[in-house]
Amino acid sequence: MTDTLKDIPVFVAAVEAGSFAQAAIRLHLSRSAVGKSIARLEQRLGVRLFQRTTRSQSLTDNGALFYERCLRALEEIRGAESLLETGKQQVSGRLRVAMPVLFGRQCVAPLLIELAQEHPGLELEMSFSDRVVDLVEEGFDMAVRNGTLQDSSVLVARRLGEHRMVLCAAPDYLQKRGLPETVADLPQHTAINYLRAGRVLSWQLMDSEGASHTFTPRSSLNMDDLQAICDAALAGHGIAWLPCWMVVKDIHQGKLVPLLKQAPDVHFDVHAVWQQTPHLPLRVRIAVDTLASRLPSVLSLEMPAPIKKPR
């Protein structure tokens, strides 16, 4: 069995090199040694792996099937080696990460900066953009993305957590316009809308009976920048539906007031994505693991309960 395992990397090299002679060069073996290794495999398996002539070499159907399984096995071994490396090696090299502007700046960047401080050999490069970057074409090692991911055959994703929304307004605005008690009260108020791809993002809230409601506000204030919406809400220009991570400090400091209840099933997933590869670089693996372990606590900061009008 041990000899068979030694022969498998030789078999894979012969397939990928296209000939026994080229495989021998890559493996620093003689062509005869490569041929004997393949012959041992074929004898043990009882099948022919290659169809060979004096001028060409190709896989048989059995050989193609065996090659696919061998690749999976080697990938598992390499993955196990990476896990062991994590505990005994310092991370080094350049790590290029793309992320959304505000979410990246406030939630992701501080965690990656901590990681870079823990590993002085890591060269961290962060790019902040709300567009969906092409990791392969633009040379990024990984990206952090919010919301639903597009299907991809070349990218791998790992869920890092989720963030929720909160309806809020400044105390000055509520003093002038009153406190909405139900979803039905909202049309009487000024909304500050978030535009996504030219469309207003609807608010998803819960009424006093516990039922979910989708409300699409009408307003003369429509923006495609969350920070501008937050600034307008802080200035008392209306009610806004914003990510909790963005306004939790302002709410705790009394600059914004949470309103109504959010629909409990409304949340936006956060993922790390990277290019599919048989051997994930250690720096990428540790960055993903770090975000997966630390980001949920950043996103789950406790929010005060919505206030109600005194009876």
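The values are calculated or read from the model by the stated rules, or taken from the named source; none is laboratory data. For clarity, every value in this text was computed on a predicted model and none was experimentally measured. Ideal geometry is used to build each Cβ from the backbone, glycine not excepted, and the neighbour counts take in all protein chains shown. Side chains are part of the model used for accessible areas, which takes the heavy atoms of the whole protein and leaves out ligands, DNA and RNA. Shrake-Rupley method; radii C 1.70, N 1.55, O 1.52, S 1.80 Å.
Only one of the listed residues (A211, A240, A232) is among the small types (G, A, S) and free of Cβ contacts under 8 Å to residues at least 24 places away in the same chain. That residue is A211.
Tell me, please, whether a residue that is assigned to a helix (DSSP H, G or I), more than 20 Å from the chain's Cα centre (by Cα), at pLDDT 90 or above and surrounded by 14 or more Cβ atoms within 10 Å (Cβ to Cβ) can be found in the stretch 276-284. No, the stretch 276-284 has no match at all. For beta carbons closer than 7 Å, sequence separation of 6+ or different chains, a first residue in the stretch 152-175 that is open to solvent by 50 Å² or more (accessible area, probe 1.4 Å) and a second that is aromatic (F, W, Y), the qualifying pairs are E162/F268. Annotation note: of L65, L27, L5, the sole residue that is aliphatic (A, V, I, L, M) and open to solvent by less than 90 Å² (accessible area, probe 1.4 Å) is L27. A residue that is in contact (Cβ under 8 Å) with a residue 12 or more places away in the chain and on the phi > 0 side of the Ramachandran plot occurs nowhere in the stretch 265-272. Quick one: count up the residues across the stretch 94-115 that are touching an Asp or Glu at 6+ places or on another chain (Cβ under 8 Å) and open to solvent by less than 60 Å² (accessible area, probe 1.4 Å). So the answer is 6.
Just one of the numbered conditions (1) over 17 Å from N193 (Cα atoms); (2) open to solvent by 40 Å² or more (accessible area, probe 1.4 Å); (3) at pLDDT below 85 is not true of S220: (1).
Scanning the stretch 243-256 for residues that are farther than 23 Å from A211 by Cβ and either free of Cβ contacts under 8 Å to residues at least 12 places away in the same chain or touching a helix residue (DSSP H, G or I) at 6+ places or on another chain (Cβ under 9 Å) (or both) yields P243, W245, M246, V247, K249, D250, I251, Q253, G254, K255, L256.
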